[in-house]
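Engineer: Please find one structure pasted underneath; my questions will follow.
We did not get these values from a lab; they are worked out from the coordinates using the rules stated. Because the structure is predicted, anything quoted here is derived from the model rather than measured. So basically every Cβ, Gly included, is an ideal-geometry build from the backbone, and we count neighbours across all protein chains shown.
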Ligand SMILES: [Zn+2]
Ligand SMILES: [Zn+2]
């Protein structure tokens, strides 16, 4: 007999059937809070900032199937914001390993219907809705992800979609709010024709994420006046691939938008083999804009300043690729 069944029988005999569930709930909660302490402490110290935690910095099929870099997406945590952006394979596991309780989420954003962006979306929704027991949170995703298109079926089931409080079909220029942060969808030029990026307006100014996209005429208008721009740079300079971003595309976008800081992330296998730090250096040389290549476990604090902090423990493994 399972320990939990024995415990239940014991408690029922003791005349306290409801207490069992309460105790079990507390046990689960305390297990989570022990794991969460690490990041929670960091976040509490920076309540006047937003933390962008790079749970994964890999992109594309070969990086995904080898996990040369993690493909867990980005967690964004602020005072009234706990959002997971592009929960690819590993998002749930790495979130828990980094002490970020997925049950605290209040938004899940999915930029398009490729597996390195959407596979863990359903389990993250299950966490956000406390095991599908309570309608909660915002789900904002591309049309292909929510309803499908000519190429793909919906990536997230109707069952999961109906458990969120607010479901947003993110097409370019659609705006919505999570807490005090106003978010808008930006246009992307990718092999999923419905792909979008996201732009976040905060009390500290704006930051944005391009998602997978090639350079196209007019892309810069979506990222004007952002302080921090995160670009999904799959390929290094000189290796163009239709519908995807190279370092050369990134340079053009940065030259037209002039952010205060840029981060290269969602790195493909060619990019990793070439050396993302070298590519970031090239961007900096050409544009004059401070640029870093993201590493797994890195946290960016976005406030009056944009500060970087490398992860601890397992997250450090990403650094071997970096240096
Ligand atoms: Zn991708
Ligand atoms: Zn893609």
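Engineer: Restricting to Cα pairs below 8 Å that are 6+ residues apart, what does the relative contact order work out to for the range 134-189? Please round to a whole percent.
Structural biologist: Result for the range 134-189 is 33 percent.
Engineer: Translational D (Stokes-Einstein, µm²/s) of the range 88-131 at 4 °C and 1.567 mPa s when Rh comes from the Kirkwood sum over C-alpha pairs?
Structural biologist: 123 µm²/s
Engineer: Roughly how many nanometres apart are two label points built 7 Å out from the Cα toward the Cβ at residue 171 and residue 216?
Structural biologist: 1.4 nm
Engineer: Normalized C-alpha radius of gyration of the range 108-179, against 2.2 N^0.38 Å?
Structural biologist: Normalised Rg, Cα atoms only: 1.03.
Engineer: Bins of 10 Å, beginning at zero and ending with the bin holding the largest distance: percent of Cα pairs per bin for the range 259-304, please.
Structural biologist: All Cα pairs, binned at 10 Å, distribute as 27, 51, 21, 1 percent.
Engineer: Which order do the peptides 72-80, 148-156 take when ranked by the mean count of other beta-carbon atoms within 10 Å per residue, highest first?
Structural biologist: Per-residue Cβ counts within 10 Å, averaged per peptide and sorted highest first, yield 72-80, 148-156.
Engineer: Right, next: How large is the Kirkwood hydrodynamic radius of the range 175-323, in angstrom, based on all distinct alpha carbon pairs?
Structural biologist: Averaging 1/r across every pair of different Cα atoms and inverting gives 15.5 Å.
Engineer: At 7 Å along Cα-to-Cβ for each site, give me the label-to-label distance between residue 157 and residue 309 in nm.
Structural biologist: In this crude label model, residue 157 to residue 309 measures out at 3.8 nm.
Engineer: Another one. Given N residues in the range 178-223, what is Rg(Cα) / (2.2 N^0.38 Å)?
Structural biologist: Taking N as the residue count of the range 178-223, the ratio is 1.20.
Engineer: Hull surface divided by four, with the convex hull built on the Cα atoms of the range 61-167: how many nm²?
Structural biologist: For the range 61-167, averaging the hull's shadow over all directions gives 6.5 nm².
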